[in-house]
């Protein structure tokens, strides 16, 4: 029952009693009205008490609900504050790491450059240490016998038709490369010679370019370079082949610079890409 129904009920009862009293007479009607007012006065304190109890129950229920909501809000607030603090700490650490990473990147770049410079320096030192060396390719395995130094000191002047004192060139060392010994039908290992004098080495290389390739078996003489420098020089092979087809004079200078002569003018190219672009321009 709602409050409106509760308040409406006495009024309708009084109204019914009033109607009934009009049928019995004025005295009886007046008596009925008095009884109705008396009943209403007796009911009002009970109604107020009921309303107060109902309000207390509503307030208690609301307090309980609100208390639960407030506790949940407090917990969420604490969690949000904790998360906010952790996020702030994480941002500070990330900023510190980014700053450190930036400095590390700078140091790494500097160290990489230093390593490249050191590699180039070491490779240059290695090649300078090989300046008196010559690599012979194509000599049949075992022709040098058990005393390669003595053999090549006499064989080189005879093979390349070089005039020397006592018919020999002084060598410090002579040996086959350290590759495994080949089989019967396999390519022989190259021979590495170290000349005692750089001028003798130059004379041998000039004579080899002049007559060395015309002999049989075909034995070739090369400068002895490091593996890294050989790789750099071989990168020009394709360009050199194109220049040879075009009958353009060229020379591969030390360490790895291609010199091209066109119409009496020389141009030095330091990379295969630059050399390839130059040949394309000739077409």
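Projecting label points 7 angstrom from Cα along Cα→Cβ for residue 220 and residue 247 puts them 2.4 nm apart.
Length gained on full extension, residue 46 to residue 184: 36.9 nm, using 0.36 nm per residue less the C-alpha separation.
Panel order for 58, 192, by other beta carbons found within 10 Å of each beta carbon, from fewest to most: 58, 192. In this calculation the C-beta distance from residue 121 to residue 277 is compared with R0 = 30 Å, giving a FRET efficiency of 0.55. Potential lengthening of the chain between residue 175 and residue 141 amounts to 11.1 nm, from the contour at 0.36 nm per residue minus the alpha-carbon distance. Among 113, 247, the order by Cβ neighbours within 10 angstrom, fewest to most, reads 247, 113.
Between residue 54 and residue 98, the C-beta separation translates, for a Förster distance of 51 Å, into a calculated FRET efficiency of about 0.20.
Values quoted throughout were computed directly from the atomic coordinates according to the rules given, and no laboratory measurement underlies them. The structure displayed is predicted, hence computed values, not measured ones. Virtual Cβ from ideal backbone geometry, glycine too; neighbours counted across all protein chains shown.
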